[in-house]
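Below is one structure, written out as structure tokens; comments come after it.
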């Protein structure tokens, strides 16, 4: 933990005080190398402010008044930018990764978690997902681990042959679009799942999900709904997509290229 001289009593309580909110912002952002050689990916700007600030403002608007931020690569820049969080009306604490811990492993660097539920969000997520909807689904489905999902379409550049076991061609699909459900890098889980995080080696979010499934825990997913957007600001293409988002009162629309 990194101790800052922050007055926690100045931060009001909220209805979400029973949840540990952790933003994972320790990565290097190697796919954005020209932008992240001298600054962490979480400080890359979208619409005039760092992507992690957008995320914090969304959390605060959703009723959260405190968060923990895992920092590693160029950690001091993030700490100097966000400080104690008082400028956002929140209380921030920091977990420093002295060596890479993976996208989920840094959670075990802190041992004194007082709350039994964890909301984990990658620090490069630019989204307006409805957090209350996640919390409701988590309780309603008696989940151990809930994953926010979005969909992605991949266009194959070849014709796809569908054949039976004898090799007889049933049909040919020319350059089909394949739609996949993908993890958004937003997880909600309980102490049972937290206890599965490796103490000995780095661990990624997908590894934690696979471990929870292997243990027979109740792992569920919930998709983004219409009007919600999500961008993983990890590539130049996705960064441009995030920067082109125009926010309206009820939804976000991608500006069409002229």
Note to self: Give me Rg/Rg_expected for the range 48-189, where Rg uses Cα atoms only and Rg_expected = 2.2 N^0.38 Å with N residues.
What the structure shows: 1.43
Checklist line | Kirkwood Rh (inverse of mean 1/r, distinct Cα pairs), the range 88-152, angstrom | finding: 14.5 Å
Checklist line | Rh by Kirkwood over Cα pairs, then Stokes-Einstein D for the range 15-70 at 1.567 mPa s and 4 °C, µm²/s | finding: 105 µm²/s
Check: Can you pull the percent of Cα pairs in the range 121-258 with separation above 17 Å?
Finding: 70 percent
Notebook entry, point to check: Of 39, 179, 243, which is the most mobile in a GNM of the chain whose springs link Cα atoms less than 10 angstrom apart?
Noted result: 179
Note to self: Over all directions, the average projected area of the alpha-carbon convex hull for the range 16-125 comes to how many nm²?
What the structure shows: 6.7 nm²
Next item on the list: Please find, in a Gaussian network model of the chain (springs between Cα atoms separated by less than 10 Å), the residue of 206, 158, 230 whose mean-square fluctuation is greatest.
Entry: 158
Margin query: Looking at the chain as a GNM with Cα springs under 10 Å, which of 93, 76, 164 has the largest mean-square fluctuation?
Written below: 164
Note to self: For the chain, give me the percentage of DSSP beta bridges that are antiparallel, rounded to the nearest 5 percent.
What the structure shows: 60 percent
Margin query: Stokes-Einstein diffusion coefficient for the range 199-245 at 10 °C in a medium of 1.306 mPa s, Rh from the Kirkwood formula over Cα pairs: what value in µm²/s?
Written below: 115 µm²/s
Margin query: Starting from a Cα-only point model with no solvent, please compute log10 I(q)/I(0) by Debye for the chain at q = 0.07, 0.14 1/Å.
Written below: -0.27, -1.01
Next item on the list: Quick one: grab Rg to one decimal and Dmax as a whole number for the range 54-93, Cα atoms only, in Å.
Entry: 10.0, 29
Notebook entry, point to check: Hey, what number do you get for the chain at 222 nm if only DSSP H runs of n ≥ 4 count, each worth -39500 (n - 2.57), divided across all residues, to the nearest 500?
Noted result: -6000 deg cm²/dmol
Item checked: Proxy reagent accessibility, fewest Cβ within 10 Å first, across 58, 68 -> 58, 68
Check: How much length is gained if the chain between residue 57 and residue 228 is pulled fully straight, taking 0.36 nm per residue apart and subtracting their Cα-Cα distance, in nm to one decimal?
Finding: 60.0 nm
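Only the coordinates and a few stated rules stand behind these numbers; no lab work does. Predicted, not measured: the structure shown is a model, and the values here were computed from it. Positions of Cβ are generated from backbone atoms using ideal geometry, with glycine treated the same way; all protein chains shown enter the neighbour counts.
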